[in-house]
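Undergrad: Shown below is the structure under consideration.
The values are calculated or read from the model by the stated rules, or taken from the named source; none is laboratory data. Not measured: the values here are computed from a predicted model. Backbone-built Cβ (ideal geometry, glycine too); neighbour counts: all protein chains shown. Ligands, DNA and RNA are excluded from the accessible area calculation, which covers all protein heavy atoms including side chains. Shrake-Rupley method; radii C 1.70, N 1.55, O 1.52, S 1.80 Å.
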Amino acid sequence: MAEEYPGVDRTRVPRHVGLILDGNGRWANARGLHRTQGHAAGEPALFDVIQGALDLGVEWLTAYVFSTENWARDAFEVEFLMNFNIDLLQRRRDEMNEQGVRIRFIGNRDDPRVPDQLREEIRMAEELTAGNDQLHLVFAFNYGGRVELADAARAIASAVATGNLDPADVDAGTIGEHLYLPDMPDTDLVIRSSGEQRTSNFLLWESAYAEYVFSPTYWPDFDRHVFGRCIAEYQARDRRFGGAEDRSESN
Ligand code: IPE
Ligand code: IPE
Ligand code: MG
């Protein structure tokens, strides 16, 4: 298996990796296909990367699958994506469960634009896999970092209004406790495919000190090997968290 992930140091694997899976539409366009066929082609890529995360012992993998801004796409594409997510959960949940994957969701599933059936599939997948701990697989669905922070601010404001929280006690930890998954660790590495170099509202709070790796590969061409190379690139970085460069080896 070492051969499969050349350059990856298994003792320093990032604990939480975020994935901005981008480039499905361009992948399809380049082949004269419809954008939706690009989304379909992205599914095996995602599940191969999940396999890579399991192989390497990544504990948390968060995949950005639908943003709060993606409602702006045409109705046909949005409807395709909703049905695709229903279908994907139905087809994949048992295999994920057998591999010890815990499926979780962040984002606003209660939005009336989200089909009831998808809400139900999300609930079932979470319930089925709730006892697993090999990998937390988080789908960021109808997710936006700003909305997540606004939701946290609202919850904090109401705790203050009911007298359960003193405004003087609100600090960065309080915000963290009011995010969608308070037990989710900060992102160590965010990978974005397709060559775009922006966050597009993904895990804004959680990625404050994440390393970013931007891969030119369109998402449907991604696999565990590309994922491994992104991890090797991450491991070559010097994470300083505001401290000074570690010069202990040269001193
Ligand atoms: C990412 O691929 C998938 C989603 C945002 C749902 P895109 O659909 O954004 O593909 P491009 O960026 O248009 O190529
Ligand atoms: C980000 O990709 C959202 C997801 C991957 C779900 P987009 O393709 O929507 O982002 P922009 O519009 O290029 O910033
Ligand atoms: Mg895109």
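Undergrad: Pairs only if they're at least six apart or on different chains, beta carbon under 8 angstrom, first in the range 57-76 and within 11 Å of ligand 3 (Cβ to nearest atom) and modelled with pLDDT of 95 or more, second β-branched (Val, Ile, Thr) and open to solvent by less than 40 Å² (accessible area, probe 1.4 Å); list them, first residue then second.
TA: Tyr64/Ile20; Asn70/Val78
Undergrad: Taking interchain pairs and intrachain pairs at least six residues apart, which have beta carbon atoms under 8 angstrom, with the first residue in the range 86-108 and at pLDDT 95 or above and the second small (Gly, Ala, Ser) and open to solvent by 60 Å² or more (accessible area, probe 1.4 Å)?
TA: Close Cβ pairs (under 8 Å, with a partner that is small (Gly, Ala, Ser) and open to solvent by 60 Å² or more (accessible area, probe 1.4 Å)) amount to Arg102/Gly131.
Undergrad: So, one more: Is it true that Val226 is touching a helix residue (DSSP H, G or I) at 6+ places or on another chain (Cβ under 7 Å), part of a helix (DSSP H, G or I), among the aliphatic types (A, V, I, L, M) and open to solvent by less than 80 Å² (accessible area, probe 1.4 Å)?
TA: Spelling it out, it is not the case that Val226 is touching a helix residue (DSSP H, G or I) at 6+ places or on another chain (Cβ under 7 Å), part of a helix (DSSP H, G or I), among the aliphatic types (A, V, I, L, M) and open to solvent by less than 80 Å² (accessible area, probe 1.4 Å).
This table checks each residue for (1) closer than 23 Å to Glu206 by Cα; (2) in contact with a helix residue (DSSP H, G or I) (Cβ under 7 Å, 6 or more places away or on another chain); (3) open to solvent by 20 Å² or more (accessible area, probe 1.4 Å).
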{"site": "Val8", "(1), (2), (3)": "no, yes, yes"}
{"site": "His16", "(1), (2), (3)": "yes, no, no"}
{"site": "Gly32", "(1), (2), (3)": "no, no, yes"}
{"site": "Arg35", "(1), (2), (3)": "no, yes, yes"}
{"site": "Gly42", "(1), (2), (3)": "no, yes, no"}
{"site": "Ser67", "(1), (2), (3)": "yes, no, no"}
{"site": "Arg93", "(1), (2), (3)": "no, yes, yes"}
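Undergrad: Output the residue which, of all residues in the range 44-80 that are out of contact with any Phe, Trp or Tyr (no Cβ under 8 Å at 6 or more places or on another chain) and of a type in the set (D, E, K, R), is farthest from ligand 2 (Cβ to nearest atom).
TA: Glu59
Undergrad: Take the range 142-154 and flag every residue that is out of contact with any Phe, Trp or Tyr (no Cβ under 9 Å at 6 or more places or on another chain) and crowded, with 16+ Cβ neighbours inside 10 Å.
TA: Listed by number, the list holds a single entry, Val147.
Undergrad: Scanning the range 1-36 for residues that are within 16 Å of ligand 3 (Cβ to nearest atom), hydrophobic (A, V, I, L, M, F, W, C) and part of a loop (DSSP other than H, G, I, E, B), which turns out farthest from Asp188 (Cα to Cα)?
TA: Only one residue tops the list, namely Leu33.
Undergrad: Given the residues Glu59, Glu79, Glu98, which is the only one that is open to solvent by 80 Å² or more (accessible area, probe 1.4 Å) and under 18 Å from the mean Cα position of the chain (by Cα)?
TA: Sole residue among the options that is open to solvent by 80 Å² or more (accessible area, probe 1.4 Å) and under 18 Å from the mean Cα position of the chain (by Cα): Glu59.
Undergrad: Here's a follow-up. Step by step: first the residues of the range 164-214, then only those that are of a type in the set (Gly, Ala, Ser) and farther than 18 Å from Ile20 by Cα, then the one that is surrounded by the fewest Cβ atoms within 10 Å (Cβ to Cβ). Which residue is that?
TA: Ala168
Undergrad: Here are some residues: Ser200, Ser207. Which one is within 22 Å of Glu59 (Cβ to Cβ), assigned to a loop (DSSP other than H, G, I, E, B) and touching a residue at least 60 places away in the same chain (Cβ under 8 Å)?
TA: Checking each option against the conditions leaves just Ser207.
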